[in-house]
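Each value in this text was obtained by applying a stated rule to the coordinates, not by laboratory testing. Since this is a predicted model, take the numbers as computed values, not measurements. Cβ sites come from the backbone with ideal geometry, for glycine too, and all protein chains shown count toward neighbours.
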């Protein structure tokens, strides 16, 4: 099939690892013709361009800054990107007929692009639902419920669901939520299609792990808890700060935090003010270096703001499972990541804000190496059964085998 993939993730090649890079490599390796439409933000000072790289076509579209920028530019950029993508696709892909248009949220503003491709090429469409907007923004107080912007984005959300032939959700709670609150536009379309990865071929022996720990100043005799990913409003960083302060005198454990986002400076200022000794904060890393660091860690951490009424399912879980780590999640009550971990015995889920329960999970896992190992093996096996890229590929392709 000829496949068009629309994304907000900057994709310059397919050598990197990630849920979208891995999936697109799978389509390419299965013999499909893949065209990726990806933003290149104006801060990069690169013009819109179209090139073939590593067996796929990549259309980089110059956009406003839409990641890690102020709310106004992010909003304007999100509104403008639909038009910018549509113009670029018409210009650069006029001679290609697509069979399937594949896309993810965010954003929710691709409906006109999808409608154009479906009409021009009689293509099918598949949404990978990774983000439920605008309700998440309402939950965090960014948008006023039933305000002008909320109503506008709700209209765009319904348009996107309506134009989608199939909608792949990350978990059972996602399916239940989207079916309940968007029944008219999603009826008969929704299925589970979880975040998925291709396993790394890298291995790290104990000598290499010791070298990496020494490089970053990670104590050798501690149990290392790691959080990797966005440090923004959705993660409820205030609760993470409470945890760090509550455990600052525990010399048996060490916290490694790798990421950036709007709350990074808040976290850094707290660490500088309190001079905490058992924490290392790193402002993001390339994926290869991040994976090396994960090989030194014992327990993965997941955080979500307690105010969410929508079920999120952070993809950082997959890296933890790949490195055979048990996981502690602190989330809202709507999200099912904690219940999935506990029912399959690879982690502990608590409600965000419950410091006593989180500290109890820290104590339980840090004081029992055998328990950590059992949960880590369970998680790795669960990854092999449920979260490999083949699962996501097959979920999509079962609808299009005859295309």
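Taking N as the number of residues in the chain, what value does Rg over Cα atoms divided by 2.2 N^0.38 Å take?
Compactness ratio reported: 0.99.
Quick check: the angle from helix 111-121's long axis to the longest principal axis of the chain, C-alpha only, nearest 10 degrees?
Roughly 50 degrees between the two axes.
Could you work out the helix-only [θ] at 222 nm for the chain, with each DSSP H run of four or more residues adding -39,500 (n - 2.57) and the total divided by the number of residues, to the nearest 500 deg cm²/dmol?
-13000 deg cm²/dmol
Sort 296-309, 30-43 by packing, meaning the average of other beta carbons within 10 Å per residue, with the highest value first.
So the order, starting with the most tightly packed, is 296-309, 30-43.
Using a simple spin-label model with points 7 Å from Cα along the Cα→Cβ vector, what separation in nm is obtained for residue 9 and residue 48?
2.4
Give me the distance between the Cα centres of segment 56-76 and segment 303-371, rounded to whole Å.
Between the Cα centres of segment 56-76 and segment 303-371 lies a distance of 32 Å.
Compute the helix-to-body angle for 355-366: its Cα long axis versus the longest principal axis of the chain, expressed 0 to 90° and rounded to tens.
For 355-366 against the chain, the angle is about 70 degrees.
Kindly identify segment 206-386 as rounded, prolate or oblate by the Cα gyration tensor criterion: order the square roots of the eigenvalues as a ≥ b ≥ c, call it rounded if a/c is under 1.5, otherwise compare a/b with b/c, prolate if a/b is larger, else oblate.
rounded
Given contacts defined as C-alpha pairs under 8 Å and at least six residues apart, what's the relative contact order of segment 241-331, whole-number percent?
27
If I model a spin label as a point 7 Å beyond the Cα along the Cα-Cβ vector, how far apart are those points for residue 28 and residue 158 in nm?
Computed distance between label sites residue 28 and residue 158 equals 4.0 nm.
Please report the spacing between the Cα centers of segment 176-250 and segment 96-153 in Å, no decimals.
Answer, in whole Å: 26.
What order do you get for 385-393, 18-26, 216-224 when each peptide is scored by the mean count of other beta carbon atoms within 10 Å, highest first?
18-26, 385-393, 216-224
Just check segment 313-403 against the gyration tensor rule for me: Cα atoms, a ≥ b ≥ c as the square roots of the eigenvalues, rounded for a/c under 1.5, and otherwise prolate or oblate depending on whether a/b exceeds b/c. If you can, show how the numbers build up before the last one.
On the way: a/c = 3.59, a/b = 1.82, b/c = 1.97.
In terms of gyration-tensor shape, oblate.
Please give, to one decimal in nm, the separation of the simple spin-label points placed at residue 399 and residue 249, each 7 Å out from Cα toward the Cβ.
Here the modelled spin labels are 5.6 nm apart.
What is segment 206-386's relative contact order, in percent, from Cα pairs under 8 angstrom and six or more apart in sequence?
It rounds to 21 percent for segment 206-386.
Please find the FRET efficiency linking residue 79 to residue 351, where r is the Cβ-Cβ separation and R0 is fixed at 30 Å, and quote it to the nearest 0.05.
Computed FRET efficiency for residue 79 and residue 351 comes out at 0.30.
Would you work out the relative contact order for the chain, in percent, from Cα pairs under 8 angstrom that are 6 or more residues apart?
Numbers: 718 pairs, mean separation 53.6, N = 403.
That works out to 13 percent.
In degrees between 0 and 90, to the nearest 10, how far off the longest principal axis of the chain does helix 237-246 point, with axes built from Cα atoms?
10
Run the paramagnetic zone check for residue 131: 7 angstrom along Cα to Cβ, then residues of segment 153-175 with backbone nitrogen under 17 Å.
153-161, 168-170
Order of 162-175, 115-128 by packing, highest average Cβ count within 10 Å first? Intermediate values should be presented prior to the final figure.
Numbers: 162-175: 20.6, 115-128: 18.9.
Result, highest mean first: 162-175, 115-128.
Rounded if a/c is under 1.5, else prolate if a/b is larger than b/c, else oblate: which is segment 35-169, with a ≥ b ≥ c the root eigenvalues of its Cα gyration tensor?
Verdict is oblate for segment 35-169.
Just the number, please: percent antiparallel of the DSSP beta bridges in the chain, rounded to the nearest 5.
Once the DSSP bridges in the chain are tallied, antiparallel ones form about 10 percent.
Just how many % of Cα pairs in segment 324-372 lie over 12 Å apart, if you round to the nearest whole percent? Before the final figure, lay out the partial values.
Working: 697 of 1176 pairs.
Summing the P(r) of segment 324-372 above 12 Å gives 59 percent of all pairs.
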